[in-house]
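The values are calculated or read from the model by the stated rules, or taken from the named source; none is laboratory data. Bear in mind that the values here come from a model prediction, so they are computed numbers and not experimental data. Backbone-built Cβ (ideal geometry, glycine too); neighbour counts: all protein chains shown. When the accessible area is computed, the model is the full protein with side chains, heavy atoms only, and any ligands, DNA or RNA have been set aside. Shrake-Rupley method; radii C 1.70, N 1.55, O 1.52, S 1.80 Å.
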Amino acid sequence: MAKITYVEHNGTEHTVDVANGLTVMEGAIKNSIPGIDADCGGACACATCMVYVPKEWQAKMPEKEDMEETMLDFAEASNEDSRLSCQLPVTDELDGLRITMPESQH
Amino acid sequence: MGKDIIIVGGGQAAAQAAQSLRAEGFTGPIRIFGDEPHAPYQRPPLSKKFLAKEIGFDRVELKPESFYTDNDIATHWGTRITEIDRKGKRVLTADGQAYDYAKLLLATGSRVREINVPGFEMDGIYYLRNIADVEAIQSHFKEGARLVVVGGGYIGLEVAAVAKKHGMDVTVLEAAERVMARVVDPIVSHFYERVHREEGVKIETGVTVAGFEGESHVTAVDSGEGKLYPADFVVVGIGIIPNTELAVECGLDVQNGIVVDENCRTSDPDIFAAGDCTSHPNGIYGHRLRLESVHNAIEQGKTAAAAMVGEEKPYNQVPWFWSDQYDLKLQIVGLSAGYTQAVVRGDPENGRSFAVFYLKDDTVIAVDAVNRAPEFMMSKQLVHKKATLDPARIADESIKVKEIAQG
Ligand SMILES: Cc1cc2nc3c(=O)[nH]c(=O)nc-3n(C[C@H](O)[C@H](O)[C@H](O)COP(=O)(O)OP(=O)(O)OC[C@H]3O[C@@H](n4cnc5c(N)ncnc54)[C@H](O)[C@@H]3O)c2cc1C
Ligand code: FES
């Protein structure tokens, strides 16, 4: 389990416990945290679950696969901190993670 | 007169509308009726990861139960609405309870088309639309079991892929001359036929099922031309029918779906509809569409919610869809009907990654991308803009996707 803080674009913070095995995306959806749409439900098909993850945390996460990399490359408002949150499985190592969300996913 | 908003149907569009109503600031009562015993869930995994037992129900449900209580949304799962009384502005449940509405949303979705050939009522013949269907199908998942899939559309092919991964002996029977014939160019059909064969699935096209053999449990599928396909179980995926009966019976305009405008309003100004059950105008293509996709259900759910609280967020988007089979992610943007030229980027004959651009007189109207995220993401914009493209530039992989439209 990990305590994750989701920061909305307007600065509103939500800190929740997310079980191992779920993804960072599911942690937001299950706790009704706004800011992540996740239209495809985690199939890595829609790019509406984009979040910004600080570099030091990315080191504790799986590397981007090609699909994620190229989707991000084309997603609006993406930068080098961007990840698709449905591709980020939660582990104990992510305890204390803080991510920010874009203004809109579309 | 109350302010109640009632939502009939407990699927993707219904859940989205409920969420969007609260996001739009609606504070009045919301009630959802869904005839399945579950809270709304995602259907795509039913033929993918959930069928493969890679994820459980907790990961397919759209919102946890707490979402509905926290947002003060009254839920009536396992309750079917059987009548809409437009004069009295109320709906009736199967057991005769009446609920008043100020505004009503029909998000009744669709149901499977059944196959009406001799033997169709035998045990061991399944469809795939809901959780209960998956559980029934999974009870036959055994290594070496013989599965015959009737219908080579997305769902049938996804089931075939999952069953093959579980070590079953899988045959797909398709009535048309090629799989997925309704939606993609032959290039894409033949690609999928090749991959399924490489994976060990038998694909038989041009086969119309004439009946099922067996005593009480199916033992074979009969092609009607003297050929029998032995089966321990059968999954039929031959299309869907929109659930429009409630709308028809209360006199709403229904033509291949509940007719709505770009704000999801039906022919009754207090009744709205969203998702698989609607026929809606699409400005990009200039005609009405009835779509069966998550994107359509989500976006219409948002639009209907806005309209019910007096906002206008007209729905006018490029449709998109995906399908997962083996290591292939197919992402489809737009609708290819009426295309004059299909231009290929990549090598569908040998590889497992390519895209097909559908042009109608130089304008791109749709793209099928197989393991090609750049083409998929870029084409969403190109189709929306109705970009004119040069076929030679599309086919030239030395030109970056981002630069296809230039030059
Ligand atoms: C196996 C499968 C795989 C799919 N894969 C994909 C995919 O990969 N990508 C994609 O984009 N789309 C996919 N789809 C399609 C997508 O799931 C649907 O388009 C989407 O679910 C439509 O949402 P909806 O809310 O309109 O309808 P539904 O999800 O069908 O929900 C409608 C609900 O309302 C209930 N209902 C109907 N009438 C009443 C009544 N009178 N009273 C109470 N309740 C009622 C129904 O039982 C149902 O639970 C798939 C569908 C299936 C079945
Ligand atoms: S939820 Fe669709 S890509 Fe992450």
B:GLN406-B:ALA145 pseudo-label distance in nm [points 7 Å out on the Cα-to-Cβ vector]
5.5 nm
How high is the FRET efficiency between B:GLU312 and A:ASP66 when r is their beta carbon distance and R₀ equals 30 Å, given to the nearest 0.05?
0.15
Calculated FRET efficiency, A:ASP92 and B:ASP95, Cβ-Cβ r, R0 51 Å, to nearest 0.05?
0.55
Simple spin-label estimate for B:ASP361 and B:THR388 in nanometres, 7 Å along Cα-Cβ:
1.0 nm
Which aspartates and glutamates, if any, have their Cα less than 19 Å from the Cα of B:LYS402, not counting same-chain residues under 8 positions apart?
A:ASP66, A:GLU68, A:GLU69, A:ASP73, A:GLU76, A:GLU80, B:ASP362, B:ASP368, B:GLU375, B:ASP390
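Can you work out the accessible area per residue across the protein assembly as shown, with the rest of the protein chains kept in place, probe 1.4 Å, in square angstrom? Spell out each step's value before the answer.
Numbers: 21480 Å² over 513 residues.
About 42 Å² of surface per residue is accessible.
Roughly speaking, what is the stretch gain from B:ALA337 to B:THR27, that is 0.36 nm per residue apart minus the C-alpha to C-alpha distance, in nm to one decimal? Intermediate values should be presented prior to the final figure.
On the way: separation 310, 0.36 × 310 = 111.60 nm, distance 4.26 nm.
That works out to 107.3 nm of additional length.
For the B and A pair, go ahead and give the buried accessible area with a 1.4 Å probe, both sides summed, in Å² to 100. Mind showing how you got there, number by number?
Values: alone 17680 and 5710 Å², together 21480 Å².
Interface area, both chains combined: 1900 Å², rounded to the nearest 100.
To the nearest 0.05, what FRET efficiency results for B:GLU215 and B:GLU121 with a Förster distance of 22 Å applied to their C-beta separation?
Working: r = 12 Å, r/R0 = 0.57.
Taking R0 as 22 Å, the efficiency between B:GLU215 and B:GLU121 is 0.95.
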Considering protein heavy atoms only and a 1.4 Å probe radius, which residues within segment A:48-76 exhibit an accessible-area decrease of no less than 10 Å² in the full assembly relative to the chain by itself?
A:MET67, A:THR70, A:MET71, A:ASP73, A:PHE74
Show which aspartates and glutamates lie in cross-link reach of B:LYS227 when reach means a straight Cα distance below 12 angstrom and same-chain residues fewer than eight apart are skipped.
B:GLU204, B:GLU213
Summing -39500 (n - 2.57) over every DSSP H run of at least 4 in chain B, dividing by its residue total and rounding to the nearest 500, the 222 nm mean residue ellipticity is -6500 deg cm²/dmol
Among B:CYS277, B:CYS264, B:CYS250, determine the one that fluctuates most according to a GNM of chain B built with springs between C-alpha atoms less than 10 Å apart.
B:CYS250
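Two decimals, Cα atoms only, Kirkwood Rh: what is Rg/Rh over the protein assembly as shown?
Details: Rg = 23.2 Å, Rh = 24.1 Å.
Reported Rg/Rh, Kirkwood definition of Rh: 0.96.
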Once you place label points 7 Å from the Cα toward the Cβ at B:ALA175 and B:ASP58, how far apart are they in nm?
4.3 nm
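Please compute the net charge surrounding A:ALA43, taking Lys and Arg as +1 and Asp and Glu as -1 over other residues with Cβ under 9 Å from its Cβ. Let's see the in-between values first.
On the way: positive: B:LYS48, B:LYS49, B:LYS329; negative: B:ASP324.
It works out to a net charge of +2.
Full extension from B:GLU262 to B:GLU204: what is 0.36 nm times the residue separation minus their Cα-Cα distance, to one decimal in nm? Display every interim value, and only then the final one.
Numbers: separation 58, 0.36 × 58 = 20.88 nm, distance 4.11 nm.
Extending this stretch completely gives an extra 16.8 nm.
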When Lys and Arg each count +1 and Asp and Glu each count -1, what net charge do the other residues less than 15 Å away from B:VAL179, Cβ to Cβ, add up to?
-3
Return the whole-Å distance between the Cα centroid of segment B:329-406 and the Cα centroid of segment B:103-145.
34 Å
Cross-link candidates for A:LYS3: which lysines have Cα within less than 28 Å, leaving aside residues fewer than 8 places away along the same chain?
A:LYS30, A:LYS55, A:LYS60, A:LYS64, B:LYS49, B:LYS53, B:LYS63
Cα-Cα over 30 Å: which of B:LYS48/B:LYS313; B:LYS302/B:LYS400; B:LYS3/B:LYS313?
B:LYS48/B:LYS313; B:LYS302/B:LYS400
With a 1.4 angstrom probe the carbon and sulfur portion of accessible area for the protein assembly as shown, in percent, totals 46 percent
